[in-house]
Every structure is written in structure tokens, then in C-alpha cells.
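Written below as C-alpha cells is the structure these notes are about.
The values are calculated or read from the model by the stated rules, or taken from the named source; none is laboratory data. Please read all numbers here as calculations on a predicted model, not as lab measurements. Here the Cβ is made from the backbone with ideal geometry for all residues, glycine too, and neighbour counts use every protein chain on show.
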Amino acid sequence: MHFMATSTGSPLFMKKGKVMERFGNLPDSEGFFGQYGGSFVEPQLRRALDEVAEAYSEAVKDPLFIKELEELHTHFSGRPTPVYFAKRLSEVVGGSEIYFKREDLNHTGSHKINHSLGEVLLAKRMGKKKVIAETGAGQHGVALATAAALTGLDCDIYMGSIDVMKEAPNVSRMKILGAHVISVSDGTQTLNDAVDAAFAAYLKDPVNTMYCIGTVVGPMPFPAMVRDFQSVIGREARQQFLDMTGTLPDAVVACVGGGSNAMGIFSGFLEDDDVKLYGVEPAGKGLKTGKHAATLTLGKVGILHGFKSYVLMDDDGEVLPVYSIASGLDYPGVGPQHSFLKDMGRVVYGTCTDRQAVEAFYVLSRMEGIIPALESSHAVSYAVELAKSEGKGKKVLVNLSGRGDKDIDFVMQHYPLADYEKSVNTQDGYKSFMNKLEAFRR
Ligand SMILES: Cc1ncc(COP(=O)(O)O)c(C=O)c1O
């Protein structure tokens, strides 16, 4: 098994497997992955985060902490999530075999529960009374509210007011779980502004609260800590794939918002040179329209929310407004380890438009009976194209980061496809379905 080494030198992650030699052993003690990451924050916040880093470093050396987390994975979240061979989809696409790591089957419907459980157990261990977080699609908010309810902590979730409207079912879920949802109407009223608001709230009371960030971004220790909690995806997937097929996949694909589900699955394969890794960013309405969130594709190196990474900004260094149909992907920054992996050439980052994501949303629903989250649909779309270009005899593993329950009303309202209700049981049926979608796209 492969585990990421962390600056905290976690024996948990090292004792069970070999330490990454080229891409692991990062970040360094200052939180840097090459030139990316670090901690560019005011002293008061730095002190609070150093306390979190110290507590995390201690916690992962404590067998009781690890045992509690692993038991929750098994008995509460439902891990291990399966790897599934999408036979029908593979047949009609007519190229490589397509497999899914089913993170959508986790309790609460996405991979976000993996780090939320870890973060909340840490907050409890540190004696905190309340956890605070931002959320975009509401999946991290729901996962954190769930973990807070489980452990008896108060929970405040900051969410852009546009996302509050768009992701109404998740807002209700958070409220039912006892979380306080604060609608943020600053700026673009989406994820970026929710992060600002959540950091501001954390600074007001770092003694009693802990900021539980929802992805692999932010100042240290968040990028490494969240990645470590998510690395369970890659560990499981690698072993399951070997058990199932006798080989490793030729390619692994994951969508990238901040980058936590991608880092989670990539961490299992980083040292396997023969496994190509692909991250998929949202091209929104098109890369030339300015309405996208393709940070690694079009961003410049800068500092956002206390860490250095690729950032979508203008020539004056002002952060640009971002957009994606998938609320969980519309962030103008990206986890620093992704920036590092891009520069190293270890991961290839591509894009997928809103339209392509919606097509994949319908295709996976009709072909396999799985309704994916719009975020995950970006990875599905890219993987289908990759399967076509790689051709037969290859195997593509996709991280299906979440399920689409939260998106069904939005899709039916804005992308109704009543004309395409016919079943697509055959290759011809699939082709005509895709042709209709193509016409719909134009
Ligand atoms: C289902 C799902 N997948 C992916 C993401 C993107 O986050 P990340 O890039 O951190 O995995 C989100 C964010 O909300 C999500 O809800």
C-alpha cells in the first residue's frame, strides 16, 4: 500500500506502506510543495493554525485516534466504497474499459465525509466547542454538519447566497442536522466569498472554534491534512483494482475544484509511473467566455486565502470572478500540491464544459443507473473521451466523487431533456442519444 508522507511525519501513513520518494515527503516543514503552499496569514491566524498542525501531528501518532476514525469509516460511512466496472457504458463507448471508484456511495453522498470525520475528531480532541466551514455545493457542509451531530459539536456553515438557492436540498439537510447556515451575499456570492467569511468568523474565536476547511487548499496544515484524510480513497482503489483485474489502471481521472477527491485517489498511484493521472477542471460556458473556473489551465501563480498556488486573476493581481454549473468546482484557486504536480508533469489537467458535464450526467444515469453529482460528471465526461482515444485494451478508473441527488431539480429545470427519454440499450441507441445531445448543445 502507498501512503503519503507528511511534514508531520505521520507514522500512521508511513508504517503501513512505503514513503513516497519523488512526489511524497511533501510538504516541507513550512508547508511548501516546491514553490506552492506555505502559510501567508496574519500572526493571530498563524498561531491558531500552528496549534491545529501540532494537534494533528500528535493525533495521527495516537492509535486510539486512528482506531476511532477507521471504525467510523467502516460502520458509519460505509467504507470501503466499491470499485465498479461500468460494462454497458464501456461497451457503447467502444474504447477502453471504464471503472468507477464509488465515493458517491458514502454516507452523505460524497467523499467529503472522509476529511470531515477526521477534522471533527481532531476538533473534539482539541477541546473545541464549535466547527466552522465554507461550502459550495453543500456537500462539505452536509458532511461536516453530520460529523458535528455525531460528536455533539456546534456547527456554522458559510455558503454563498447563490449556492444557497441552487443547492436547496443540501441547505435543508444541514439545518435538519442542526447546523447554522450563514448565507454570504458578498462578491460573487459563491464559494470564494464563503471561504473569506468562514476565515473571518474563525479569527473571532480561534480558542473555542476550529475551521474545518472542505478541500486541500488554505494555509498549512490544511492541504496536507485534508489530503491525508482523503488518501483512503487511493489506498482502497489501488488494492481493489489489483484484486479485481490483476493490474493497475492505465489512467485515473478525477474532477478538480479545490482538489481533495483528486488528491485522495491520486495519492494511491503517484509513484506508479505507468498510471497516467488526469485532473478535470470546469470550463463552464467555455474557456474564452471568462465564465469558467479552470485555474490550473488559465491561472497565474499568486496567493489566495493564505497559500501560494495557481490562481485565476487579472494582470493587476485581482482575483477574477469564477463560474461553473457545479457549485463545488467554482473556486479561483486550487490545492498547492496540484500546482506542483502540474509543473512536475506528473498530472495532466484538462477541462470539461457545463454542457459536456450535463451530457455525462444523463449518459451515466441512462447507461448504468448511477446519477452522478455535476462535479463528478466533469470527470465522467473526460473519461469517456479518454476511453475513446486510448482505445480498447486499456482501463480507465474514474473517481465518482459524489451522487447527483442535490442536482436533480436544477438539471431538470435548466437542462430538461424530455425528448431524450428513450432507452439507449444498444450502441446505435447510444449514438443517436449522443447525436441528440450534440444537437441540444448547439
Ligand atoms: C461531489 C463533489 N465532487 C467534487 C467536489 C470538488 O471538491 P474537491 O475538488 O475538493 O474534491 C465537490 C465539492 O463540493 C463535490 O461536492
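What to note about this one:
- Qualifying positions in the stretch 364-403 - within 16 Å of the ligand (Cβ to nearest atom), modelled with pLDDT of 95 or more and among the small types (G, A, S): A373, S376, S377, A379, S381, A383, S401, G402
- Of note, G178 does not satisfy the criterion of being on the phi > 0 side of the Ramachandran plot and surrounded by 17 or more Cβ atoms within 10 Å (Cβ to Cβ).
- In the set (1) modelled with pLDDT under 95; (2) surrounded by 24 or more Cβ atoms within 10 Å (Cβ to Cβ), S324 fails one condition alone, (1).
- Qualifying strands (runs of 3 or more DSSP E) (wholly inside the stretch 76-166; at least 1 residues being free of Cβ contacts under 8 Å to residues at least 40 places away in the same chain and within 12 Å of the ligand (Cβ to nearest atom)): 154-160
- Condition met for Y349 (in a loop (DSSP other than H, G, I, E, B) and surrounded by fewer than 24 Cβ atoms within 10 Å (Cβ to Cβ)): no
- If you go through the stretch 237-278 and keep only what is part of a helix (DSSP H, G or I) and away from the ligand (no atom under 16 Å from the Cβ), you end up with R238, Q239, Q240, F241, L242, D243, M244, T245.
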